[in-house]
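Let me begin by presenting the structure, written as structure tokens, before commenting on it.
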Amino acid sequence: MRKSQHKMCTLLFLILSIVSVCCSMGVMADDAILRIATTNDVKSPAFIGDYTLGLFNHLSNPPLMQMDENGKLIGLLADHYEVSPDNTEWSFVIKDNQFWSDGTPVTADDVAFSIQMYGTSIPNAGWIGETLTDTQVDGNKVTFKFNKPYTNLALEFTSYSILPKHIWESIENPNEFTSTGPYVGAGPYYLDNVDLNAGKVIFKRNPSWKGKISDYDTVEISWFKNEDAAAKALESGVMDTYWKYASSYPYAAIDSLTKTGNFEMLEKPTSGLTFLGFNLKREPMSDPAFREAVSSAINYQELVDISTLGYGKVPNRGFVPPAMDGYIQTKPMEYNLETARKTLDSAGYKDSDGNGIIEAADGKDITLDLLIRNSYAREAELMKEYLEKAGIGVEVRSVEDNTWFEMKDKLDYDITLTRTTPWGMLMHAGWATGYFDSRRTGQGVLHTVDDEVFLKLCDDILSTTDQTLLKEYAKEVQEYYAENLPGIPLYWKNDITPYNKKITGWYSNPLYGIMNEFTFTGVKSSA
Amino acid sequence: MVKIHPAGIFLSQKLLRYLLSFFCILLIVFLLPRMMPGDPVSNLVGEDIYLSQSTIDSLRAAFGLDTPLHEQFIRYCLQIMHGDLGYSYHMHGPVFEILISRAWWTLVYTIPSIIIGAWIGISLGARAGFQSGKWWSDVIASIALVISSTPPYLLSLLALVLFVYHLGLFPFKGFYDTYNLQSILYHLTLPTLVLISFYASRNILIMRGAVLTEKELLYPQFARSLGIPEREILFHHIRKNAIIPLIALIALDFGFLFSGALFIEIVFSLSGMGSLMYDAILARDYPILTGSLLIIAIFVIIANITADIMSLIIDPRIRRSS
Amino acid sequence: MTVVYVPSWLKKMGYTPTFCIIILGIFVYAAIFPKTISPYSPEIRFSPYGEPDENHMLGTDDMGYDILTLLIYATRISLIIGVFAGILSLCIGTSIGIASGFHQGWIDDLMMGVTDITLIIPKIPVIILIAAYLHPSIWILIIVLGLFSWETTARVVRAKTMQIRNSGFVLSSRCLGFSSFSIIIHDIIPVIYPVLLPKFMLTIAGAMISEASLSFLGLSDPMMESWGKMIADAFSHGGFIREMWWWFLPPAICICVTVLAITRIGMMYESNEPEMAFK
């Protein structure tokens, strides 16, 4: 018995030594690889069907349009576009000298095919299928005709990756198509391999790419299932940068990363924000005076300090942050407990039974049901404290995302905490209208505002592409928010992207951060 | 008279019970995901993407969610009988294929962990129990106790920071970097060691307790008086009895080996069954969730049968009574 | 007969039942009157991410709360969750295990069938399901944790019961005409007790750990401060990245110490004599 155990011990020792040998060999570093850490994980090797892969593949299969660093729409695969006066006919002219990684040129046919394919087979592009009536290709120009006017098509087309027709036309159901690669692409890189087991997507340099090139032959995007491991990986130097859609590098991790001395931080104000939403269909949230009082009860500076660690600022009443095109200056949010109490008092919400909580008209204590997505627990804690100081009772209910979607769709809450994403700020009529317009439902939106004035404003925006008019409407929307407070912005924030000091040439846009073609054609290694 | 093996009799007696439990489980794994709040359709796209009602309706029909629940259940049962676990629109593939590809990787790290954990637990636990006064016995027990009262994610993250970040011995994530044996070993060593420490410490505690009890009973005293060496008493007599409570637990570990270890997978960014199921829960991916729960259920039932049979074989007392 | 892990160095340091009662007493006191021993009120915020110094023995967390104060205030919820979930689970597990192992036959089949089924129901969806319809409270958590953690206890107890139901002393009790109930109480429970005790301890630890894990996944009630939630908060709010061990280790140590103390107290009721052939 003892003998056999000794044998086992020897065996274990052997295994361990083999492993340690492996370890020492595993540390070989390759400098021609740009390594990006993310916490957006790829769930399935479906090029179009997987949500995260759909974000990454802009690198290999550029959409028609993109955003520049100021949020202005510029061409990506398209050189420029024209739109008919009635906004139903859009023509995109494709840039010359672009080639798929298999050597064939990119044509307007590919674009026409891709957009039509999205319309027929991809659920989230269903609107294309429902409204696109005709597609015409003329040389390097492709024209889309719709049965109703579209004004923000150029914006929509920043998210649809263009695919090679000669490959994808034989694929029966593109949304469900899975393959670990390689995929033919026309960007500076093509997608070589999606490896779920290794947890990374590998992009290789497109041999047919004619534009500027970066110093890296390979771009590796590694996804982590938790932020702690990702942050530690950056600190240890095995990753060059961090990217997560609509999110910053964790603020709490910035200090220790800076301390390593190997990283610089790219700080950009973002249009995404965290806000307090009201269920406007219920009393007393439907009362503007009540909302006004709530807005004065919130200590914005403390929220900025705690939630963004100072990488943010106190928002204005106009909701829309300065990072967005068309932003206007409105009055900043102001914390004043006295004002909050007075506003409540003069609006008829009084604490007549002296229990510290104000009563509604029917004499019952006002205790609001604060429904939150579980990632906003800290903010909810503070919110409860702030509102209770002003005499408004709060009960917090924390649920995971999907439950939250269902409950807010059923309007089963009084107030809620959620966030907007850069894309979400632009959707519908833009300037966050998509989050409030009661005619829209789904995922992250609150659809609580059915005020005719607001709805008309949305329709007006949706019916024009005239830039001066749009600027005027943007102003009106923000003034509407400032006056009516359908949602209270809690803080505006900056997105921080850390990057390896030795690498230069980073470029960031408000929509996808550093994930854009300028970055991947511009990064240089100075090591 | 033909002598039937006791295991045979046992199995035939329990068959009905296992069949009935299986049917109940089938019903539960079908209903539970569907009772959860949240909509699998609207969750198919990102939170800032808008789906029109007609798109949602057509997707619902494609998911097979447009019919009444009992019809869905009947269709599901028919599917199962044909060996078809359905299709996942979230994962873009047939459930069976996805489960197989993920389960394989999960087994690569769970099976060694359970086996080594059981081996360490039984041998160390038995010795620690038998020689409970010695200092090393106490050290082992203390370590085992501390590990089993630490949240698994805390221990895993501490291991990550210590061995990966500070000492640089192991990689941060994934099953491998390039697909070869060396890389796989390199990547899986730390997660496996952490998992082993959990299994082993629990087994040590149970085994040690059981040996301590057995050791004071009559039969070891009797054996001692016959002049049988202590070592023999421990390994030939006490261990056999003390192991019985542990068999059920280890069998269950095997039953659950498919579900993987969620926290290990989250900490070491492994795409195994644990995270597949967790994602399926969060995304309300009914086919994946139902399918994986069903497979786990089958394994747990098999594990239970095996545990029953094994205690039957090891313990003559139970065998005679049944 | 000493059962389970009493390291002798601990004994020397005074790991006696009395000592453990005192330790547990301190925890219970902290749970009932946190105000009297905590250095600050749990509502006061200082500057965040503070390192330990003379004003804050364990530093401050991301919101600037004094961590020692949080630790003391978290005792109540943690103890309630651990102990109640542990007791609930132990009661269900033991009764089902004994009933099934002692009676065998169809009762055994029924009980074990229920055990198999309970074992397979995953906790996370059930908690999501309940959280959607009820306001979060620790009692929901206790019931869920208790109702879904008794299966292994039941199986261990059943195996042990089956093993001893035919041993001499049980048979003689039967011959003497004692009722099943009395046999269970007087003969079976004392014998399976050594197996139960580590299981009970593991279940309490398990309940506290599960609560911590659920907090980590964001599925527990964020408004209730427990040791588990403190650890989870340290992870989700940068305590771990900044390696603020004074934030996440103390609650983990508290869980450990509680489990140790409860176990030792449980062992007080064990006899210290070997089984005798002729009494």
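Miscellaneous remarks
- Shielding by partners, peptide C:17-30 (average Cβ within 10 angstrom, other chains): 0
- Residue order for A:F56, A:F113, fewest other beta carbons within 10 angstrom first, comes to A:F113, A:F56.
- 10 Å Cβ neighbours from other chains, averaged over peptide B:172-182: 6
- Spin-label model, C:E51/A:S236: points 7 Å from Cα along the beta carbon direction are separated by 2.4 nm.
- Across segment C:67-271, the relative contact order, built from alpha-carbon pairs under 8 Å that are at least six residues apart, equals 29 percent.
- Its alpha carbons give chain A an Rg and a Dmax of 26.1, 90 Å.
- Förster-model FRET efficiency, 41 Å R0, B:L69 and C:I26, C-beta, rounded to 0.05: 0.20
- Taking the square roots of 5 times each eigenvalue of the Cα gyration tensor of segment A:372-457, largest first, gives ellipsoid semi-axes of 25, 15, 12 Å.
- Solvent-free Debye calculation, one equal scatterer per alpha-carbon of segment B:126-285: log10 I(q)/I(0) at 0.19, 0.20 Å⁻¹ equals -1.15, -1.22.
- With one equal scatterer per alpha carbon and no solvent term, the Debye-computed log10 I(q)/I(0) for chain B at 0.09, 0.10, 0.13 1/Å reads -0.63, -0.76, -1.09.
- Of B:G291, C:C175, A:P207, farthest towards positive along the dipole that unit charges on Lys, Arg, Asp, Glu beta carbons give the protein assembly as shown: C:C175
- Separation between Cα centres of segment A:470-521 and segment C:210-259, rounded to whole Å: 33 Å
- Entry note: segment C:9-104 has Rg to Rh equal to 1.19, where both radii use alpha-carbon atoms and Rh is the Kirkwood radius.
- Modelled spin-label separation between A:S170 and A:K389, with each label point placed 7 Å from Cα along the Cα-to-Cβ direction: 6.8 nm.
- Protection proxy ranking, peptides B:82-90, A:488-496, B:51-59, B:70-78, average beta carbon neighbours within 10 Å, highest first: A:488-496, B:82-90, B:51-59, B:70-78
- Approximate shape of segment B:74-204 as ellipsoid semi-axes (Cα gyration tensor, √5λ), whole Å, largest first: 36, 22, 13
- Distant-in-sequence amide H partners of A:K313 (H built 1.01 Å from N, under 5 Å): A:W492, A:K493
- Radius of gyration over Kirkwood radius for segment C:67-271, both on Cα atoms: the Rg/Rh ratio is 1.06.
- Alpha carbon Rg of the protein assembly as shown, scaled by the compact-globule rule 2.2 N^0.38 Å: 1.00
- Exposure proxy for A:V194, A:V449: other Cβ atoms within 10 Å of each Cβ, ordered fewest to most, give A:V449, A:V194.
- Span-like helix ranges in chain C, DSSP H, alpha carbon extent 24 angstrom or more, Kyte mean at least -0.5: C:67-103, C:189-216, C:245-267
- Remark: mean inter-chain Cβ contacts per residue of B:90-99 equal 4, using a 10 Å Cβ-Cβ cutoff to other protein chain atoms.
- Long-range amide H partners of A:Y189 with built H, under 5 Å: A:N206
- Interchain or long-range residues, amide H under 5 Å from B:Y87's placed H: B:V95
- Averaging the Cα positions of each part gives two centres, and for segment C:155-207 and segment A:58-93 these lie 76 Å apart.
- Mean Cβ count within 10 Å, highest first, over the residues of peptides A:277-286, C:126-135, B:250-259: B:250-259, A:277-286, C:126-135
- Segment A:113-232: equivalent-ellipsoid semi-axes (sqrt of 5 x gyration tensor eigenvalues, Cα, Å): 31, 19, 16
- Which of A:M265, C:M201 has the fewest Cβ neighbours within 10 Å, and the rest in rising order: A:M265, C:M201
Read-outs: derived from the displayed coordinates by stated rules, not from any lab. Fair warning: this is a prediction, and the values are worked out from it, not measured in the lab. Note that each Cβ is placed from the backbone with ideal geometry, even for glycine, and that neighbours are counted across all protein chains shown.
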